[in-house]
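What follows is a short report on a single structure.
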Amino acid sequence: RIMASILRVNTITDASSNNSTAVSVINQGTAKVWVQFAGSSLSGTGTTGVDDSFNLTSMTDDDTGRYTVNINSDMNNNDYAVHSTIGQSASAIGDYITNIASLATGTVQVGSSTRGGSYADSAVHSVTIHGDLA
C-alpha cells in the first residue's frame, strides 16, 4: 500500500552540508509553463502538434505563424518572463525570428516569421515561462 506524505523543509543541501539552497529560491527558478510544438501541425485549439508540455491546457493556432499558449494554472500577473525559440530546418538556420505578441495571466501569444517580416509556421517552437503562479 502506498501512502502519501509531505516533506517540509526550508533548505536543501548536499550530503556534505555544502551548497545550501532555500526551497523558495528553487521554486522561484523553475519554469512554471513550457511547451514544445510544431506550428506547422497545429490546427484550431487543442494539443495536436504539441510534442510535450508542462502546465498547458491547449494551444491555439491563431493564423499562419501565430499561436496562443493556454496556461492551465494561471500566472499571478502579466509581468512574467517568456523565452521563445523556433527551428525550421538545417538549411534555414538564422532565417526565422520569434516574437511575443501579448501577455495575460492565462495566455501568451507568440509568433514566428521570416527575417523579411512574413509570418511563417514553425517546424519546432519552444516556449518557457518563468514567474509567479496565481
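The values are calculated or read from the model by the stated rules, or taken from the named source; none is laboratory data. In this text, all values refer to a predicted model and were calculated from it rather than measured experimentally. Virtual Cβ from ideal backbone geometry, glycine too; neighbours counted across all protein chains shown. Note: areas computed on protein heavy atoms with side chains; ligands, DNA, RNA excluded. Shrake-Rupley method; radii C 1.70, N 1.55, O 1.52, S 1.80 Å.
Summary table below
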{"read-out": "Cα lying deepest toward the dipole's positive end in the chain, options Leu103, Ile12, Phe37, charges on Cβ", "value": "Ile12"}
{"read-out": "FRET efficiency, Asp62 to Ile6 (Cβ-Cβ, R0 30 Å, nearest 0.05)", "value": "0.15"}
{"read-out": "Part-to-part distance (alpha-carbon centres) for region 1-58 and region 92-134, which is given in Å", "value": "20 Å"}
{"read-out": "Among [x] 97; [y] 176; [z] 108, the entry derived from the coordinates for volume of the Cα convex hull per residue in Å³", "value": "[y]"}
{"read-out": "Sites Val124 and Ser17, calculated FRET efficiency, Cβ-Cβ separation with R0 41 Å, nearest 0.05", "value": "0.45"}
{"read-out": "For region 3-49: relative contact order, % (alpha-carbon pairs under 8 angstrom, 6 or more apart)", "value": "20 percent"}
{"read-out": "Accessible surface of the chain, 1.4 Å probe, proportion on carbon and sulfur as whole %", "value": "48 percent"}
{"read-out": "Helical mean residue ellipticity (222 nm; -39500 (n - 2.57) per DSSP H run of 4+; nearest 500) of the chain", "value": "-1500 deg cm²/dmol"}
{"read-out": "Mean accessible surface per residue for region 1-126, computed with a 1.4 Å probe while every protein chain stays in place, in Å²", "value": "61 Å²"}
{"read-out": "Length-normalised contact order for the chain - Cα pairs under 8 Å, 6+ apart - percent", "value": "27 percent"}
{"read-out": "Mean Cβ count within 10 Å, highest first, over the residues of peptides 44-50, 8-14", "value": "44-50, 8-14"}
